[in-house]
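The values are calculated or read from the model by the stated rules, or taken from the named source; none is laboratory data. Just so it is clear, the model here is predicted, and its values are computed rather than measured. Positions of Cβ are backbone-derived with ideal geometry, glycine not excepted, and every protein chain shown enters the neighbour counts.
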Amino acid sequence: MAFLSYLANGISLGSVYAIIALGYTMVYGIAKMLNFAHGDVIMVGAYIAFCATSYLGLPSIVAILLAMAVCTILGITIEGLAYKPLRAAPSLAVLITAIGVSYFLQNAALLIWGSAPKSFPSLVGIPPLKLFEGQLIITGEAIVTVIACIVIMIGLTLFTGKTRMGKAMRAVSEDKGAAQLMGINVNHTISVTFAIGSALAAIAGVLLCSAYPVLLPTTGSMPGIKAFTAAVFGGIGSIPGAMVGGILLGIIEIFGKAYISTQLADAIVFSVLIIVLLVKPTGLLGKAINEKV
Amino acid sequence: MMKKKILSAVLALSMVAALAGCGGASSSAPSAGAPAPSSEAASGAPASEAPAAPSEEAVKIGFIGPLTGGAAIYGTAAKNGAQIAVDEINALGGMQFAFNPQDDEHDAEKSVNAYNALKDWGMQILCGTVTTSPCVAVGAEAYADRVFALTPSASSTTVIEGKDNMFQMCFTDPNQGIASAQYIAEQKLGTKIAVIYNNADAYSTGIYEKFASEAANQGLEIVSTTTFTDDTATDFSVQITDAKNAGADLLFLPIYYTPASLILTQAKGMDYSPKVFGVDGMDGILTLENFDTALAEGVMLLTPFAADASDDRTAAFTKKYNEQFGETPNQFAADAYDCIYAIYEACQKAGITADMPAADVCEKMIATFTAGDFSFDGLTGEGMTWAATGEVSKAPKGMVIQNGAYVGM
């Protein structure tokens, strides 16, 4: 029974990582850049939802939509101000800029909301599921997170595969220059990618803080790094890969803690990552793409 | 091209501004020691109740703590508590204190910078620093410079080890661990104990180790010991399941209140409700914004101070703190308040005057604090005495949270 309970907790934690990883992988897959500020957009989303429910008294669903709207605008603004001017710059410059944006967001949150932690009210109104006479408890947050994760994954796969904008995204992903020659507005396409990624970040923020209800300006950074790991684990750029990577990472983390040692939790997670990358350098579901020289 | 020009202009301007800032600070620092004593006292004690014309020059007390950043809740509370004590003392007439609080953001390097700024100001006694790791760094400097320091809350033994000038107002970490185990055994709070501690934190680990060895002496059985680090402080389901399956009836949490609030929330989600026993880091859980205090109902902790205590001094302090800062003081505020009064009493006993160099003040204060007949009554304990190591002796009080407030046990 303990095994099932650990498995449920692992899937629940992994689904949060997976939703964040979907945002990472989406931006990486299309804009070919690592948006290290993604974790901090999650934090901003959570703060917006917190303010909307606790200070303005708005209902959960409105708070989530508001957080998504604010994060979308924030994502487009960040992309326009910080990343767009560096479109032709080497990728290292963009990476450093992304780290700069990450610190900027953290410190801005520190100024606006202060350093004291806030207790996040769960926006999920579903009671926990009790199985086997209460021996196995699955929280409402876990159920919603897993469902949201699957829905988002399917939604994104359909979007990139079937829609015009999705086609444009794939074209930009393969070759920006050629896409532009074919009449695709590259800047617009990348902006839309950021908008979607940031809206996902808002959802991830709300779900993360509903499950683990402490909100700090640094709340997004560690889950952000874990989710990035998950995206690499599953094969960065691959949408199903991000989901598989996230859930596996969550399960490994919980099992590592439960059956090996709570002290070595992170060491175990990252050792697994190293082993996977040694055997399969593109990640579990990543495609081997030959670098264009 | 245009953009680059604008950018370089902005950069150049900001560098000029930064240089000007440096120049301003260094040129004004030496002169700060010179101006008339009355203006110093006034700046230290902005409250109107300060006496019109202090007869003596003010003794310069420096304060260092995290006023911004992640640990700001501790530094700000300590600063506010100390400020109240300084205002009260200055209002009494007689010996005057000039108080200069500096921010270190809970960062050892910034703390040493703050210490150097205070030295330039002419600090004679240091009240600080508030948090442990900066205190270790500043302690080394203060020891070399012979500056007397009394920290309100840096509780690790590394703060005072081998430094005769460093004194503590709070219990040391090992003492908290030992006292907690003894208290649990004496009050028969539980027999099967689970511990969750932060193995990346010296404070938490220090308490846990002493607790574990003392628990064995007291015949308490530790059935589950699990850990986390700052990076894994989100999901505690494994730790809680382990404690639950081991049949623990008491959960000992030698950790800060932020992870503790997560543990309480998740334990409730798992239908596990053991007795919970915390340490002074648990203080603050009730001030966590939006926290459902029902979750902390029945949580016990050892703390030297309870804001709801009925004695006159505590009541007066709590009232004043509430009026000035709009919140209930925690033990950091009380510790810092006591620090200033202990310094005040020792200064009077040792005959410290404002014109003494810091090194002379240091020797006299050390002699006074360690003298057998010096004992201090404050908000956080009665009859406190200090050993030559700098360690304080005082009895912890057991507190329990009932209806969202601390109540003495």
Next item on the list: Among residues belonging to region A:125-149 that are within 19 Å of the chain's Cα centre (by Cα) and surrounded by 13 or more Cβ atoms within 10 Å (Cβ to Cβ), point out the one that is farthest from the other protein chains (Cβ to nearest Cβ).
Entry: A:A148
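Yes/no matrix, rows are residues, columns are (1) within 18 Å of B:T151 (Cα to Cα); (2) not in a loop (DSSP other than H, G, I, E, B); (3) not assigned by TED's automatic domain parsing to the domain that holds B:A58:
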| site | (1), (2), (3) |
| --- | --- |
| B:I352 | no, no, no |
| B:M356 | no, no, no |
| B:M365 | yes, yes, no |
| B:D373 | no, no, no |
| B:A388 | yes, no, no |
| B:I401 | no, yes, yes |
Next item on the list: Out of the residues in region B:57-68 that are assigned to a strand (DSSP E or B) and among the aliphatic types (A, V, I, L, M), state the one that is nearest to B:G351 (Cα to Cα).
Entry: B:V59
Notebook entry, point to check: So, of the residues in region B:226-266 that are touching a Pro at 6+ places or on another chain (Cβ under 9 Å), of a type outside the set (S, T, N, Q) and part of a helix (DSSP H, G or I), which turns out to be nearest to the other protein chains (Cβ to nearest Cβ)?
Noted result: B:L262
Item checked: The one condition in (1) without any contact (Cβ under 8 Å) to a residue 24 or more places away in the chain; (2) surrounded by 23 or more Cβ atoms within 10 Å (Cβ to Cβ) that A:A179 fails to fulfil -> (2)
Checklist line | Hits in region B:281-322 - residues which are within 14 Å of another protein chain (Cβ to nearest Cβ) and among the polar types (S, T, N, Q) | finding: B:T287, B:N290, B:T293
Check: What number goes with the only condition from (1) over 22 Å from A:A202 (Cα atoms); (2) away from every other protein chain (no Cβ under 14 Å) that A:M153 does not pass?
Finding: (1)
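Return yes or no: is A:K167 in contact (Cβ under 8 Å) with a residue 24 or more places away in the chain and of a type in the set (K, R)?
no
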Next item on the list: Look at region B:133-150 and say how many of its residues are of a type in the set (K, R) and without any contact (Cβ under 8 Å) to a residue 60 or more places away in the chain.
Entry: 0
Margin query: Report every pair of residues separated by at least 6 positions or lying on different chains whose Cβ atoms are under 9 Å apart, first residue within region B:331-348 and among the polar types (S, T, N, Q), second part of a helix (DSSP H, G or I).
Written below: B:Q331/B:A77; B:Q331/B:D280
Note to self: Go through region A:113-124 and report how many residues are facing chain B (nearest Cβ under 8 Å) and assigned to a loop (DSSP other than H, G, I, E, B).
What the structure shows: 6
Margin query: Taking the criterion of being under 22 Å from A:T139 (Cα atoms), within 14 Å of chain B (Cβ to nearest Cβ) and surrounded by fewer than 24 Cβ atoms within 10 Å (Cβ to Cβ), would at least one residue in region A:243-253 satisfy it?
Written below: yes
Note to self: Restricting to region B:267-280, and then to whatever is small (G, A, S) and in contact (Cβ under 8 Å) with a residue 24 or more places away in the chain, can you tell me which residue is farthest from the other protein chains (Cβ to nearest Cβ)?
What the structure shows: B:G278
Note to self: Looking only at residues that are within 14 Å of another protein chain (Cβ to nearest Cβ) and out of contact with any strand residue (DSSP E or B) (no Cβ under 9 Å at 6 or more places or on another chain) in region B:45-76, which one is modelled with the highest pLDDT?
What the structure shows: B:I73
Next item on the list: Report the residue count in region A:98-111 for those that are out of contact with any helix residue (DSSP H, G or I) (no Cβ under 7 Å at 6 or more places or on another chain), among the aliphatic types (A, V, I, L, M) and away from every other protein chain (no Cβ under 13 Å).
Entry: 3
Notebook entry, point to check: From the residues in region A:75-97 that are more than 16 Å from A:V41 (Cα to Cα) and small (G, A, S), which one is farthest from the other protein chains (Cβ to nearest Cβ)?
Noted result: A:S91
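Yes/no matrix, rows are residues, columns are (1) over 19 Å from A:I99 (Cβ atoms); (2) hydrophobic (A, V, I, L, M, F, W, C):
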| position | (1), (2) |
| --- | --- |
| A:A211 | yes, yes |
| A:S221 | no, no |
| A:K226 | no, no |
| A:A231 | no, yes |
| A:G234 | yes, no |
| A:L248 | yes, yes |
| A:I251 | yes, yes |
| A:G256 | yes, no |
Notebook entry, point to check: Given the conditions (1) touching a strand residue (DSSP E or B) at 6+ places or on another chain (Cβ under 7 Å); (2) closer than 19 Å to A:M26 by Cα; (3) not charged (D, E, K, R), which single one is not true for A:I138?
Noted result: (2)
Check: Looking at A:I11, is it closer than 30 Å to A:I252 by Cα, surrounded by fewer than 24 Cβ atoms within 10 Å (Cβ to Cβ) and either of a type in the set (G, A, S) or within 14 Å of chain B (Cβ to nearest Cβ) (or both)?
Finding: yes
Next item on the list: Kindly list the number of the only condition in (1) in a helix (DSSP H, G or I); (2) over 26 Å from B:V407 (Cβ atoms) that fails for B:L286.
Entry: (2)
Next item on the list: Could you pull out the residue among B:G298, B:G278 that is farther than 26 Å from A:P127 by Cα and modelled with pLDDT of 85 or more?
Entry: B:G278
Margin query: Criterion first (within 14 Å of chain B (Cβ to nearest Cβ) and farther than 20 Å from A:I152 by Cβ) does A:I274 satisfy it?
Written below: no
Margin query: Looking only at region B:173-203, count every residue that is surrounded by fewer than 24 Cβ atoms within 10 Å (Cβ to Cβ) and not in a strand (DSSP E or B) and tell me the total.
Written below: 18
Next item on the list: Having 1 or more residues that are farther than 15 Å from B:M166 by Cβ and not basic (K, R) is the bar; report the strands (runs of 3 or more DSSP E) wholly within region B:69-152 that clear it.
Entry: B:97-103
Check: Of the residues that make up region A:31-42, is at least one among the polar types (S, T, N, Q), within 24 Å of A:G234 (Cβ to Cβ) and part of a helix (DSSP H, G or I)?
Finding: no
Checklist line | Selected residue [away from chain A (no Cβ under 11 Å) and at pLDDT 90 or above] from B:Y208, B:Y203 | finding: B:Y208
Note to self: Take A:G245 and tell me if it is in contact (Cβ under 8 Å) with a residue 40 or more places away in the chain and part of a helix (DSSP H, G or I).
What the structure shows: yes
Notebook entry, point to check: Mind checking whether some residue in region A:52-73 is in a loop (DSSP other than H, G, I, E, B) and either under 20 Å from the mean Cα position of the chain (by Cα) or within 13 Å of another protein chain (Cβ to nearest Cβ) (or both)?
Noted result: yes
